[in-house]
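J.: The structure's right below; bear with me while I get my questions together.
The values are calculated or read from the model by the stated rules, or taken from the named source; none is laboratory data. Just so you know, these numbers come straight off a predicted model, no measurement behind them. Here Cβ is always computed from backbone atoms with ideal geometry, including for glycine, and neighbour counts include all displayed protein chains. In case anyone asks, the SASA skips ligands and DNA or RNA and just uses the protein heavy atoms, side chains included. Shrake-Rupley method; radii C 1.70, N 1.55, O 1.52, S 1.80 Å.
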Amino acid sequence: MPLAALAIGLGLASTAQAAAPQHVRIAVDVPYPPFEYRNAAGELEGFEIDLGNILCQRAKLDCEWVVQGWDGIIPGLLSRKYDAIMSSMRITPARERQVRFTRPYAMSPKVWVARRGETIDLDDPASLKGLSVGVQRGTTQDSYITQQYAGTLDIQRYATAADVALDLESQRLDLAFLNYPVALDSLEIGNPDSPFVQVGPRIDRPESIFGKGNAIAVRPRDKDLADIFNQALDGVYADGTFETLMHQYFDYDLRPASRKTDS
(Lines give C-alpha, C1' and ligand atoms only; values in the text may rest on other atoms or scores of the structure.)
Protein backbone atom coordinates (compact mmCIF):
# COMPACT_ATOMS: atom_id res chain seq x y z
CA MET A 1 0.00 0.00 0.00
CA PRO A 2 1.47 3.41 -0.94
CA LEU A 3 2.23 5.53 2.11
CA ALA A 4 -0.09 8.34 1.00
CA ALA A 5 -3.00 5.89 0.93
CA LEU A 6 -1.95 4.56 4.32
CA ALA A 7 -1.94 8.04 5.83
CA ILE A 8 -5.37 8.83 4.37
CA GLY A 9 -6.73 5.51 5.60
CA LEU A 10 -5.60 6.37 9.12
CA GLY A 11 -7.20 9.82 8.88
CA LEU A 12 -3.85 11.58 9.17
CA ALA A 13 -2.76 14.90 7.73
CA SER A 14 -0.18 14.75 4.97
CA THR A 15 1.43 18.13 5.55
CA ALA A 16 4.82 16.95 6.82
CA GLN A 17 8.00 17.95 5.10
CA ALA A 18 8.86 14.31 4.44
CA ALA A 19 6.60 11.29 3.99
CA ALA A 20 6.93 8.49 6.52
CA PRO A 21 8.50 5.32 5.18
CA GLN A 22 6.32 2.24 4.80
CA HIS A 23 9.23 0.03 5.90
CA VAL A 24 10.19 1.35 9.33
CA ARG A 25 13.40 0.46 11.15
CA ILE A 26 13.07 0.86 14.91
CA ALA A 27 16.15 1.16 17.14
CA VAL A 28 16.30 -0.47 20.55
CA ASP A 29 19.03 -0.71 23.20
CA VAL A 30 19.50 -4.31 24.38
CA PRO A 31 19.51 -5.69 27.03
CA TYR A 32 17.07 -3.65 29.06
CA PRO A 33 14.73 -6.16 30.68
CA PRO A 34 11.80 -6.37 30.91
CA PHE A 35 11.44 -3.77 28.16
CA GLU A 36 13.72 -5.46 25.63
CA TYR A 37 16.06 -8.44 25.79
CA ARG A 38 17.07 -11.55 23.86
CA ASN A 39 15.59 -14.92 24.72
CA ALA A 40 17.54 -18.20 24.75
CA ALA A 41 17.13 -18.43 20.97
CA GLY A 42 18.60 -14.95 20.50
CA GLU A 43 15.28 -13.42 19.50
CA LEU A 44 14.14 -10.02 20.75
CA GLU A 45 11.43 -10.06 23.40
CA GLY A 46 10.02 -7.70 26.02
CA PHE A 47 7.30 -5.19 26.75
CA GLU A 48 8.39 -2.59 24.19
CA ILE A 49 9.08 -5.23 21.53
CA ASP A 50 5.54 -6.57 21.95
CA LEU A 51 4.03 -3.08 22.05
CA GLY A 52 6.02 -1.96 19.00
CA ASN A 53 4.93 -5.00 17.01
CA ILE A 54 1.28 -4.31 17.88
CA LEU A 55 1.63 -0.66 16.84
CA CYS A 56 3.22 -1.60 13.52
CA GLN A 57 0.55 -4.19 12.83
CA ARG A 58 -2.25 -1.70 13.50
CA ALA A 59 -0.58 1.02 11.43
CA LYS A 60 0.08 -1.47 8.61
CA LEU A 61 3.80 -0.70 8.72
CA ASP A 62 6.49 -3.25 7.87
CA CYS A 63 8.77 -2.83 10.89
CA GLU A 64 12.30 -4.08 11.52
CA TRP A 65 14.09 -3.95 14.89
CA VAL A 66 17.65 -2.60 14.91
CA VAL A 67 19.84 -3.09 18.00
CA GLN A 68 21.80 0.06 18.86
CA GLY A 69 23.79 1.04 21.96
CA TRP A 70 22.35 3.94 23.93
CA ASP A 71 25.36 6.24 23.51
CA GLY A 72 24.81 6.42 19.75
CA ILE A 73 21.06 5.96 19.53
CA ILE A 74 20.09 9.57 18.67
CA PRO A 75 23.06 10.13 16.31
CA GLY A 76 22.10 6.90 14.55
CA LEU A 77 18.56 8.16 14.04
CA LEU A 78 19.73 11.50 12.67
CA SER A 79 22.18 9.78 10.31
CA ARG A 80 19.31 7.62 8.95
CA LYS A 81 20.56 4.25 10.24
CA TYR A 82 16.94 3.69 11.30
CA ASP A 83 13.70 5.63 11.31
CA ALA A 84 12.51 5.58 14.93
CA ILE A 85 13.65 4.89 18.49
CA MET A 86 11.45 2.89 20.85
CA SER A 87 13.67 2.18 23.82
CA SER A 88 12.22 3.77 26.97
CA MET A 89 13.42 7.20 25.83
CA ARG A 90 12.13 9.98 28.04
CA ILE A 91 10.86 13.21 26.54
CA THR A 92 13.22 15.91 27.83
CA PRO A 93 13.83 19.49 26.64
CA ALA A 94 17.36 18.62 25.49
CA ARG A 95 16.16 15.69 23.39
CA GLU A 96 13.23 17.67 21.98
CA ARG A 97 15.80 19.97 20.40
CA GLN A 98 17.17 16.98 18.46
CA VAL A 99 14.21 14.72 17.66
CA ARG A 100 10.43 14.72 17.30
CA PHE A 101 8.53 12.69 19.92
CA THR A 102 5.17 10.99 19.85
CA ARG A 103 2.86 11.46 22.80
CA PRO A 104 4.18 9.54 25.84
CA TYR A 105 3.13 5.93 26.27
CA ALA A 106 4.84 4.97 29.56
CA MET A 107 6.42 6.42 32.68
CA SER A 108 8.79 4.29 34.75
CA PRO A 109 10.21 5.71 38.00
CA LYS A 110 13.86 5.56 39.07
CA VAL A 111 15.22 4.08 42.27
CA TRP A 112 18.36 3.95 44.36
CA VAL A 113 19.64 0.44 45.07
CA ALA A 114 22.14 -0.67 47.71
CA ARG A 115 23.25 -3.95 49.28
CA ARG A 116 20.99 -5.14 52.07
CA GLY A 117 22.24 -4.09 55.51
CA GLU A 118 24.06 -0.97 54.34
CA THR A 119 23.18 2.28 56.10
CA ILE A 120 22.40 4.83 53.40
CA ASP A 121 20.83 8.19 54.25
CA LEU A 122 19.99 10.06 51.05
CA ASP A 123 18.92 13.10 53.07
CA ASP A 124 22.36 13.42 54.67
CA PRO A 125 24.88 14.46 52.00
CA ALA A 126 27.78 14.15 54.43
CA SER A 127 27.06 10.44 54.91
CA LEU A 128 27.26 9.90 51.14
CA LYS A 129 30.65 11.55 50.70
CA GLY A 130 33.05 9.21 48.91
CA LEU A 131 30.48 6.53 48.08
CA SER A 132 30.28 5.36 44.48
CA VAL A 133 27.12 5.22 42.39
CA GLY A 134 26.63 3.62 39.00
CA VAL A 135 24.39 5.02 36.26
CA GLN A 136 23.88 4.34 32.58
CA ARG A 137 25.67 7.01 30.58
CA GLY A 138 23.56 9.58 28.74
CA THR A 139 20.29 8.72 30.50
CA THR A 140 18.00 10.84 32.67
CA GLN A 141 19.45 8.90 35.62
CA ASP A 142 22.87 10.23 34.64
CA SER A 143 21.52 13.79 34.39
CA TYR A 144 19.83 13.58 37.79
CA ILE A 145 22.86 12.20 39.62
CA THR A 146 25.19 14.66 37.89
CA GLN A 147 23.04 17.67 38.79
CA GLN A 148 22.19 16.60 42.34
CA TYR A 149 25.23 14.66 43.57
CA ALA A 150 28.29 15.57 41.48
CA GLY A 151 30.02 17.14 44.47
CA THR A 152 29.13 14.31 46.83
CA LEU A 153 29.20 10.90 45.17
CA ASP A 154 31.81 9.22 43.00
CA ILE A 155 29.78 8.83 39.81
CA GLN A 156 30.62 5.84 37.61
CA ARG A 157 29.02 5.82 34.16
CA TYR A 158 28.37 2.67 32.14
CA ALA A 159 27.28 1.83 28.61
CA THR A 160 24.37 -0.35 29.80
CA ALA A 161 22.16 -0.77 32.87
CA ALA A 162 23.26 -4.42 32.95
CA ASP A 163 26.86 -3.27 33.50
CA VAL A 164 25.72 -1.08 36.41
CA ALA A 165 23.94 -4.04 38.03
CA LEU A 166 26.95 -6.29 37.46
CA ASP A 167 29.35 -3.92 39.22
CA LEU A 168 26.96 -3.49 42.13
CA GLU A 169 26.78 -7.28 42.44
CA SER A 170 30.58 -7.47 42.28
CA GLN A 171 30.85 -4.87 45.06
CA ARG A 172 32.66 -2.41 42.82
CA LEU A 173 29.85 0.07 43.53
CA ASP A 174 28.15 1.19 46.72
CA LEU A 175 24.95 2.33 45.02
CA ALA A 176 23.13 2.14 41.71
CA PHE A 177 20.52 4.51 40.33
CA LEU A 178 18.32 2.60 37.89
CA ASN A 179 14.94 2.44 36.24
CA TYR A 180 12.62 0.76 38.75
CA PRO A 181 11.56 -2.09 36.39
CA VAL A 182 15.20 -2.81 35.59
CA ALA A 183 16.12 -2.93 39.29
CA LEU A 184 13.23 -5.32 39.91
CA ASP A 185 14.33 -7.61 37.10
CA SER A 186 18.12 -7.52 37.29
CA LEU A 187 18.65 -7.09 41.06
CA GLU A 188 15.33 -8.53 42.32
CA ILE A 189 14.82 -5.68 44.79
CA GLY A 190 11.24 -6.84 45.35
CA ASN A 191 12.41 -10.26 46.53
CA PRO A 192 12.86 -10.49 50.34
CA ASP A 193 15.75 -12.90 49.78
CA SER A 194 17.60 -10.57 47.42
CA PRO A 195 20.92 -9.14 48.68
CA PHE A 196 19.81 -5.77 47.25
CA VAL A 197 17.15 -3.31 48.42
CA GLN A 198 15.55 -0.11 47.26
CA VAL A 199 16.73 2.94 49.20
CA GLY A 200 14.28 5.81 49.59
CA PRO A 201 11.18 6.44 47.46
CA ARG A 202 10.73 5.96 43.73
CA ILE A 203 11.71 9.11 41.85
CA ASP A 204 10.17 10.65 38.72
CA ARG A 205 10.60 14.37 39.38
CA PRO A 206 11.66 17.02 38.48
CA GLU A 207 10.09 17.02 35.03
CA SER A 208 12.97 19.23 33.80
CA ILE A 209 15.22 16.16 34.15
CA PHE A 210 12.91 13.15 33.88
CA GLY A 211 10.56 14.53 31.28
CA LYS A 212 6.89 13.76 30.60
CA GLY A 213 7.26 10.05 29.96
CA ASN A 214 8.71 7.56 27.50
CA ALA A 215 7.88 8.14 23.84
CA ILE A 216 8.84 7.06 20.35
CA ALA A 217 11.41 9.36 18.74
CA VAL A 218 11.68 10.11 15.02
CA ARG A 219 13.64 12.63 12.98
CA PRO A 220 12.29 16.21 13.28
CA ARG A 221 10.98 16.30 9.70
CA ASP A 222 9.14 12.95 9.97
CA LYS A 223 5.84 14.32 11.27
CA ASP A 224 3.81 11.80 9.25
CA LEU A 225 5.52 8.89 10.97
CA ALA A 226 5.01 10.41 14.42
CA ASP A 227 1.33 10.94 13.59
CA ILE A 228 0.93 7.33 12.46
CA PHE A 229 2.46 6.06 15.72
CA ASN A 230 0.31 8.47 17.75
CA GLN A 231 -2.82 7.15 16.04
CA ALA A 232 -1.82 3.57 16.86
CA LEU A 233 -0.86 4.45 20.45
CA ASP A 234 -4.19 6.17 21.03
CA GLY A 235 -5.90 3.03 19.73
CA VAL A 236 -4.13 0.60 22.07
CA TYR A 237 -5.00 2.83 25.00
CA ALA A 238 -8.63 3.28 23.95
CA ASP A 239 -9.41 -0.44 23.63
CA GLY A 240 -7.47 -1.62 26.70
CA THR A 241 -4.68 -3.38 24.78
CA PHE A 242 -1.99 -1.31 26.49
CA GLU A 243 -3.18 -2.16 29.99
CA THR A 244 -3.49 -5.86 29.14
CA LEU A 245 0.06 -5.95 27.82
CA MET A 246 1.35 -3.84 30.74
CA HIS A 247 -0.03 -6.32 33.28
CA GLN A 248 1.77 -9.17 31.52
CA TYR A 249 5.10 -7.57 32.43
CA PHE A 250 4.48 -5.28 35.43
CA ASP A 251 2.55 -5.41 38.69
CA TYR A 252 2.26 -1.62 38.87
CA ASP A 253 0.89 1.14 36.65
CA LEU A 254 3.27 2.22 33.90
CA ARG A 255 0.91 4.75 32.33
CA PRO A 256 2.01 8.43 32.31
CA ALA A 257 -0.32 10.97 33.92
CA SER A 258 -1.54 12.25 30.54
CA ARG A 259 -2.70 8.76 29.53
CA LYS A 260 -4.49 8.14 32.82
CA THR A 261 -6.46 11.32 32.20
CA ASP A 262 -7.27 10.37 28.63
CA SER A 263 -8.25 6.76 29.27
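J.: Please list, or write none, the lysines whose alpha carbon is within less than 19 Å of the alpha carbon of residue 110, excluding same-chain residues fewer than 8 places away.
T.: Leaving aside lysines fewer than 8 places away in the same chain, those within reach of residue 110 are 212.
J.: How would 63, 56 line up by accessible area, probe 1.4 Å, largest first?
T.: From most accessible down to least: 63, 56.
J.: List the residues, sorted by chain then number, that are 5 or more residues from residue 63 or on another chain and whose placed amide H is less than 5 Å from its amide H.
T.: 24
J.: Taking 4 °C and 1.567 mPa s as the conditions, I'd like the Stokes-Einstein D for the stretch 84-204 in µm²/s, using the Kirkwood hydrodynamic radius from alpha carbon pairs.
T.: It diffuses with D of about 86 µm²/s by this estimate.
J.: Further, regarding this structure: With Kirkwood's inverse mean 1/r over C-alpha pairs for Rh, give me the Rg to Rh ratio of the stretch 156-263, two decimals please.
T.: In the stretch 156-263, Rg relative to Rh is 1.03.
J.: Which three semi-axes in whole Å describe the equivalent ellipsoid of the chain, each the square root of 5 times a Cα gyration tensor eigenvalue, listed largest first?
T.: 35, 18, 17
J.: Show me the trypsin sites (Lys or Arg not before Pro) within the stretch 132-179 that DSSP assigns to loop and that have at most 11 other Cβ atoms within 10 Å of their Cβ.
T.: Of the trypsin sites (Lys or Arg not before Pro), the ones in loops of the stretch 132-179 whose Cβ has at most 11 other Cβ atoms within 10 Å are 172.
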